[in-house]
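Remarks on the structure that follows.
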Amino acid sequence: MIINFVISSENAYSNTKELKESINGSGLKIPRMVSLKNSLTYMRTGPGKEFPVKFELKQKGYPLQVVAEFNNWRKVVTYNKTSGWVHTQLLSSQRTGLITKTTFLKKIPSNSSNSLAKLLPNLLINIKKCKKKWCKVEIVKKNKFIGWVQKETFWGSTKN
């Protein structure tokens, strides 16, 4: 009986050495991309309202990468590598991206295609669908533009 207890406790100890990305989380893949639901969201130093605000995110739709989960809180990272915790109610699964270098919005997914617009860094885009190297995106400013950009020119969700 005592030997059984020793063997069982050793197994339990060896399992706790593994680093967990999710504790009572969603069960969804980590890392993954999400976006902000609101135009003002507080990023905290830990997973709870009792933790101080580390950073204010002020752009609805801004893409974030989820790198860990704790109950209803998600540890997220911005394009600039700022990390912190955000409550799940403030996040959306809407696929967005952030243009990282000057590029052109193309009519079809080809470099030789006609350009519809010049896209500058830090422009927020909505991702509609992706192929191997290109994504169909939407940009809503004064007018709505729909076209294709190369995946390498933006940061955000790139699944099909």
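Bear in mind that the values in this text are calculations on the coordinates, not laboratory data. All values reported here derive from a predicted model rather than from experimental measurement. Heads up, the Cβs are rebuilt from the backbone with ideal geometry, glycines too, and the neighbour counts pull from every protein chain shown.
With neighbour counts taken as other beta-carbon atoms within 10 Å, the residues SER112, SER92 rank, fewest first, as SER112, SER92. The angle between the Cα long axis of helix 2-16 and the longest principal axis of the Cα atoms of the chain comes to about 20 degrees, rounded to the nearest 10. Here ARG32, ARG44, ARG74, ARG95 are placed in order of increasing Cβ neighbour count within 10 Å, fewest first, which gives ARG32, ARG44, ARG95, ARG74. Taking the Cα centre of the chain as reference, the dipole from Cβ charges on Lys and Arg (+1) and Asp and Glu (-1) amounts to some 1160 debye. Which FRET efficiency value, to the nearest 0.05, is calculated for LYS54 and LYS132 with the Förster distance at 45 angstrom and r the Cβ-Cβ distance? Given R0 = 45 Å and the Cβ-Cβ separation, E is 0.75. Taking Cα Rg over 2.2 N^0.38 Å as calculated from this structure, the corresponding entry among (1) 1.35; (2) 1.01; (3) 1.64 is (1). Ellipticity at 222 nm from helices only: DSSP H runs of n ≥ 4 in the chain, each -39500 (n - 2.57), divided by the residue count, give -3000 deg cm²/dmol.
Starting from the coordinates of the alpha-carbon atoms of the stretch 97-156, obtain the Kirkwood hydrodynamic radius over all distinct pairs and give the value in Å to one decimal. Let's see the in-between values first.
Values: mean 1/r = 0.0903 Å⁻¹.
In the stretch 97-156 this quantity evaluates to 11.1 Å.
Over 25 Å apart at the Cα level, from the set LYS58/LYS133; LYS49/LYS129; LYS58/LYS81; LYS101/LYS136; LYS101/LYS128, are LYS58/LYS133; LYS49/LYS129.
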